[in-house]
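Written out below as structure tokens is the structure these notes cover.
The values are calculated or read from the model by the stated rules, or taken from the named source; none is laboratory data. This structure is a prediction, so every number in the text was calculated from the model and none was measured. Every residue, glycine among them, receives a Cβ derived from its backbone with ideal geometry; neighbour counts consider all protein chains shown.
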Amino acid sequence: MERKEWPLWEVFVRSRNGLDHKHCGSVHAPDAKLALQVARDVYTRRQEGVSLWVVKAEHIVASDPDAKPELFDPAEDKIYRHPTFYKLPDEVNHM
Amino acid sequence: MYTQALDIPQQQPEGNTPPAAENPVYQAEFDAKIDAGGFIEPKDWMPESYRKTLIRQISQHAHSEIVGMLPEGNWITRAPTLKRKAILLAKVQDEGGHGLYLYAAAETLGVSRDELTEALLSGKAKYSSIFNYPTLSWADVGVIGWLVDGAAIMNQIPLCKCSYGPYARAMVRVCKEESFHQRQGYDALLQLMSGTQEQRDMVQDAVNRWWWPSIMMFGPHDKDSVHSGQSARWGIKRISNDDLRQKFVDATVKQAEVLGVTLPDPELKWNEARGHYDFGAIEWDDFWNVVNGHGDCNVDRLAARNKAWNDGAWVREAAMAHAEKHAA
């Protein structure tokens, strides 16, 4: 069928200053201005946010789920990157 | 929101046979994730039958939210006070919002918004049959909040932990807002019950009409439920229809007492041995009659959705033309 729907935008909300914007869903809108307006109505009816980002979904580049092992597994055996790897004498262990 | 229709078969029932493993390695990883109580995310591999089941369930759920705006929207202009009107507007707006969260979740499975809209407007898709009953008096609005949204909450809380990430996250948002829906309904009824005899009769009449449809919202009995077994295996359905229905009945009896209304079931009584309330047999013929399109309002509801969609066409087209002109 012929697709007539408005483009898809991903919506990110900053719930309060001091926190990151966080993905919360998506909306359809013809342009950026209306995407913000629709995102406000759909995702912040109860003061869930103080700032909104909308990004056209087609502009988001995502990693391939199949590439998960080569991307993320190499960090698995590098436990020396975590502070808990180092056992220090009790007197100074809160360092 | 209103999940009764969730395991109503649509075109051809898929039956209870397990899906063929299209890719044994991926299938094994998928099964392991489900068994560990993990989440499946949009780009992850999933069996086609899992994808199809979710598209059907999430879209029926979304359609129910959208159609659910109609019976209550019917009372916005006639709400008795400005306060009640503001509350009802907020509630109906929430239902629209819930529909949109859910359409967005369904779209992550590869179905387009156009296809979803088309399925609803053509009558191909199901939505919860609870919305095919008429809202005859102002008390209906309160009773819908109390009983219909109350039943919906029981149905929906387990979905917050379902195995498909986008659906689970949408349901967390929905459930937070749904609690307001139920409480405002009960609050409106409390006020009517403190009024005249005529107002109290109006509440009782609404309870009489909505009680049975509300407990039918949990769907067919477990032994007759076509999709339940597979959905439980996939972590989409965590609690069975009959268990949820019992939980709802148990919770509602006390609420009815406090309100001062009688639930229209002479067989409703506490069963000490079971630790639950027993209740009378459900008239499933009526339920299937409404599901299959013969309720009081099936035709009106779809006509209203089609009219709204068609009347809005010029707005959608003009907004797109404007955006394209300014992008050029």
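The figures follow:
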| item | result |
| --- | --- |
| Which listed residue is free of Cβ contacts under 8 Å to residues at least 12 places away in the same chain, of a type in the set (Phe, Trp, Tyr) and within 14 Å of chain A (Cβ to nearest Cβ), from B:Trp309, B:Trp314 | B:Trp314 |
| Odd one out for B:Lys43, checked against (1) of a type in the set (Lys, Arg); (2) within 27 Å of B:Phe180 (Cβ to Cβ); (3) touching a helix residue (DSSP H, G or I) at 6+ places or on another chain (Cβ under 6 Å) | (2) |
| Any hit, segment A:11-23, residues being small (Gly, Ala, Ser), farther than 29 Å from B:Gly110 by Cβ and part of a loop (DSSP other than H, G, I, E, B) | yes |
| Selection from segment B:175-188 of residues that are modelled with pLDDT of 95 or more, crowded, with 22+ Cβ neighbours inside 10 Å and within 17 Å of A:Arg46 (Cβ to Cβ) | B:His181 |
| Considering residues of segment B:274-292 that are free of Cβ contacts under 8 Å to residues at least 24 places away in the same chain and within 22 Å of the chain's Cα centre (by Cα) only, the residue nearest to the other protein chains (Cβ to nearest Cβ) | B:Asn292 |
| Residue list for segment A:55-79, restricted to those being within 27 Å of A:Trp6 (Cβ to Cβ) and part of a helix (DSSP H, G or I) | A:Ala57, A:Glu58, A:His59 |
| Matching residues, segment A:9-27, being closer than 23 Å to B:Gly96 by Cα, surrounded by fewer than 20 Cβ atoms within 10 Å (Cβ to Cβ) and hydrophobic (A, V, I, L, M, F, W, C) | A:Phe12 |
| Selection count where residues are within 11 Å of chain B (Cβ to nearest Cβ), among the basic types (Lys, Arg) and in contact with an Asp or Glu (Cβ under 9 Å, 6 or more places away or on another chain), scope segment A:1-49 | 4 |
| Count of segment A:51-72 residues which are more than 17 Å from B:Glu107 (Cα to Cα), more than 11 Å from chain B (Cβ to nearest Cβ), of a type in the set (D, E, K, R) and under 21 Å from the mean Cα position of the chain (by Cα) | 0 |
| Selection within segment B:60-104 - touching a Lys or Arg at 6+ places or on another chain (Cβ under 9 Å) and small (Gly, Ala, Ser) | B:Ser64, B:Ala79, B:Ala90, B:Gly97, B:Ala104 |
| Residue under evaluation B:Lys83, criteria (1) part of a loop (DSSP other than H, G, I, E, B); (2) surrounded by fewer than 17 Cβ atoms within 10 Å (Cβ to Cβ), criterion not met | (1) |
| Residues being under 16 Å from B:Asp94 (Cβ atoms) and either β-branched (Val, Ile, Thr) or surrounded by fewer than 20 Cβ atoms within 10 Å (Cβ to Cβ) (or both) - total across segment A:28-56 | 9 |
